[in-house]
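Just so you know, all these numbers are worked out from the coordinates, no wet-lab data involved. All values derive from a computational prediction rather than experimental measurement. We place every Cβ from the backbone using ideal geometry, glycine too, and count neighbours over all the protein chains shown.
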Amino acid sequence: MTPHNEADKDDYADTVLLPGDPQRAEWMAQTFLEAPRCINRRRGTLGFTGLFRGKSISIQATGIGVSSFLIYAHELLDHYGARTLIRTGTCGSLTARAKLRSLVISQSAQAESAQSGQVFGLYGPAGPDPALLASSRAKAVEFGIDHHVGLTVCSDIFYHPDGRARFADARAQGALAVDMETSALYGISEHFGARALSMCVVVDNIETGEQTDYSERQALFTDMSRLALAVAAES
Ligand SMILES: O=P(O)(O)O[C@H]1O[C@H](CO)[C@@H](O)[C@H]1O
Ligand SMILES: O=c1cc[nH]c(=O)[nH]1
């Protein structure tokens, strides 16, 4: 038990999938895990453990943004002993190439600003686990998932007064998409000697303004959930 999590120490599996949205955590657990158990309801930030292909896997929501994310990730790594964290998130596309509903796998994540840099600087720059990244690439091809692998940006601010203009430099460096947790995931995982990978479905395009509707989101997560679980099952 922690201030933010009512689960017992052995309730979590070694491998934990991390969606931001608690409803996504619940849907993923109920749709894909065998015998899912809800192990955390504190603050509505739901956590589940169940079986996938005979292996115990947990799914824990992390909320929005680095501050919230780092609380759940820290407690999973430090208190619950998690060894592999796989973010199953959503992102905004920064390029027409990464189309709405496609999957972006983060090969490296850049903090958006000096302010974010201070937060992420606590842990220094880090990236995905090479084996998890390679496994996700191979399986995404095998499953026929429309996906992109590359640089992503991690922002602290969803509604920013400078809008999309602030991503000009990152876009020039080839950044594919923006989310609000991936740099923190990579940094804290390296700090605790754990393995990490982040994959996110494109739910809006920052460039064109196109967006998906929240009502179709569960369906959007099927490919990502299958991929993340397949990677997790072999991790
Ligand atoms: O859908 P999730 O996983 O929460 O991810 C994205 O959605 C939230 C913003 O709407 C941020 O947390 C961002 O990273
Ligand atoms: O535009 C978006 C969409 C999802 N998540 C973000 O952080 N930004």
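Solvent-free Debye calculation, one equal scatterer per alpha-carbon of the chain: log10 I(q)/I(0) at 0.08, 0.09, 0.11, 0.13 Å⁻¹ equals -0.25, -0.32, -0.49, -0.70. Helix 130-142 and the longest principal axis of the C-alpha atoms of the chain enclose an angle of approximately 80°.
For the chain, the mean residue ellipticity at 222 nm estimated from helices alone is -10000 deg cm²/dmol, where every DSSP H run of n ≥ 4 contributes -39500 (n - 2.57) and the total is divided by all residues, rounded to the nearest 500. Axis angle, to the nearest 10 degrees, between helix 217-233 and the longest C-alpha principal axis of the chain: 60 degrees.
Structural descriptor for segment 1-45: relative contact order 54 percent, calculated from alpha carbon pairs under 8 angstrom and at least 6 residues apart. Taking other C-beta atoms within 10 Å as the exposure proxy, Y214, Y72 rank Y214, Y72 from fewest upward.
Between R53 and L100, what length in nm is gained on full extension when 0.36 nm per residue of separation is reduced by their alpha carbon distance? Can you show the working numbers first?
Details: separation 47, 0.36 × 47 = 16.92 nm, distance 3.00 nm.
Gain on stretching R53 to L100: 13.9 nm.
Under the criterion of Cα pairs below 8 Å and six or more residues apart, the relative contact order for the chain equals 26 percent. Residue ranges 16-29, 73-86 sort as 16-29, 73-86 when ordered by packing (mean number of other C-beta atoms within 10 Å per residue, highest first). How big is the antiparallel share of DSSP beta bridges in the chain, given as a percent to the nearest 5? Roughly 40 percent of the beta bridges in the chain run antiparallel, per DSSP. Local charge for A230 was computed over the other residues whose Cβ lies under 14 Å away, with Lys and Arg +1 and Asp and Glu -1, and equals +2.
Against the main long axis of the alpha-carbon atoms of the chain, helix 182-191 sits at an angle near 50°. Across segment 24-135, C-alpha contacts under 8 Å between residues 6 or more apart give a mean separation that, scaled by the residue count, equals a relative contact order of 13 percent. By the count of neighbouring beta-carbon atoms within 10 Å, fewest first, D179, D10 end up ordered D10, D179. For K9, a cut-off of 20 angstrom between C-alpha atoms picks up these aspartates and glutamates, skipping any fewer than 8 places away in its own chain: E75, D78. Can you return the lysines within cross-link range of K139? Criterion is Cα-Cα under 25 Å, with same-chain partners fewer than 8 residues away left out. Result set, ordered by chain and number: K55, K99.
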